[in-house]
Amino acid sequence: MKIWELKASLDERFETIQLVNFDQDYEKYFKERFNSITPLEDVWEEVKIYTLEEGESSDCPQFWGHSATPVFSERALDVTQDFLKDKVEVLPLAHPEKNYFAIHVMNAIDAIDYNRAVIRQLSSGLRVGFEKYAFIKEKVKGEHIFRIFLDGRIRSMVFVSNEFKEAVESNGLVGFQFNEVWDSEN
């Protein structure tokens with residue numbers, strides 16, 4: 001079993017997107033709310049975006065409004081819908097030409113194997129991230145998209161299963177970047 005960190009590709013050939021009303025919408029929706037598991041659909045209003053840098057169309061464009069938030073095209077939503085069901089909120093973004101959706105990952109699991117993970121720690125003792133991930137296999141089995149906790153705080157990174165990655169790749173979706181962070185065989 002493998003776990004991958006999901007990111008938008010920074011390949012310069014792909015378009016990137018940004019918030020039209022950055023200060024207002026970042027504060028209202030993204031600054032702290034997207035890193036929680038509190039639903040946003042009841043407060044979500046029209047969030048306008050635009051193409052910041054032209055390029056090839058991407059099914060997962062780099063979103064400079066909040067880089068930890070995955071943004072999917074309509075096609076990417078269709079391909080991954082079975083993996084997303086009951087695990088995320090799909091929030092529409094208003095682009096003048098294309099249909100994009102912010103993916104608010106609501107599935108946060110306490111799945112770190114603290115005996116095997118290598119944690120990045122400040123001199124003050126505050127634990128701030130991971131140098132090496134290790135997961136509790138039973139807790140990630142069957143989880144296809146999720147975020148994790150570190151010391152009771154939800155981390156912003158989004159993780160996906162091998163099955164999710166294979167679905168994206170076998171359907172020819174572009175703009176996704178997958179970084180392997182854990183293999184249960186190693």
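The values are calculated or read from the model by the stated rules, or taken from the named source; none is laboratory data. Computed from a prediction, not measured in an experiment: that's the story for all the values here. Ideal geometry is used to build each Cβ from the backbone, glycine not excepted, and the neighbour counts take in all protein chains shown. To get the accessible areas, we keep the full protein, side chains included, count just its heavy atoms, and leave off ligands, DNA and RNA. Shrake-Rupley method; radii C 1.70, N 1.55, O 1.52, S 1.80 Å.
Using a simple spin-label model with points 7 Å from Cα along the Cα→Cβ vector, what separation in nm is obtained for residue 31 and residue 162?
4.2 nm
Reported to two decimal places, what Rg/Rh ratio describes the chain when computed on Cα atoms with Rh from the Kirkwood expression?
0.96
Label point 7 Å out from residue 184 along Cα-to-Cβ: which residues of segment 111-150 have amide N under 15 Å?
Taking a point 7 Å out along Cα→Cβ of residue 184, the residues of segment 111-150 whose backbone N falls under 15 Å are 111-113, 134-145.
Count the lysine pairs in the chain whose Cα atoms lie under 12 Å apart, taking only pairs 8 or more positions apart in sequence or on different chains.
Number of lysine pairs found: 5.
Over segment 1-158, what percent of the accessible surface lies on carbon and sulfur atoms, probe 1.4 Å?
The nonpolar share, carbon plus sulfur, comes to 44 percent.
Could you tell me how many degrees, from 0 to 90 and to the nearest 10, lie between the Cα long axis of helix 74-84 and the main elongation axis, the longest principal axis, of the Cα atoms of the chain?
The angle comes out at about 30 degrees.
Could you report segment 1-138's accessible area per residue, 1.4 Å probe, as an integer in Å²?
About 56 Å² of surface per residue is accessible.
Cβ under 13 Å from residue 173's Cβ, residue 173 left aside: what net charge do those residues give with Lys, Arg +1 and Asp, Glu -1?
Around residue 173, the charge tally is -4.
For segment 120-136, in order, what is each residue's ³J(HN,Hα) by Karplus, 6.51 cos²θ - 1.76 cosθ + 1.60 with θ = phi - 60°, in whole Hz (x at glycine and Pro)?
Rounded to whole hertz, the list is 7, 9, 6, 4, 6, x, 5, 8, 10, x, 10, 8, 8, 8, 9, 10, 7.
Loop by DSSP (not H, G, I, E, B), at most 11 other beta-carbon atoms within 10 Å: where is the longest site-free stretch of the chain for GluC sites (Glu not before Pro)?
For GluC sites (Glu not before Pro) (loop position, at most 11 other Cβ atoms within 10 Å), the longest site-free span of the chain is 98-184.
For segment 1-85, just say rounded, prolate or oblate: build the C-alpha gyration tensor, square-root its eigenvalues into a ≥ b ≥ c, call rounded for a/c under 1.5, and beyond that prolate if a/b exceeds b/c, oblate if not.
oblate
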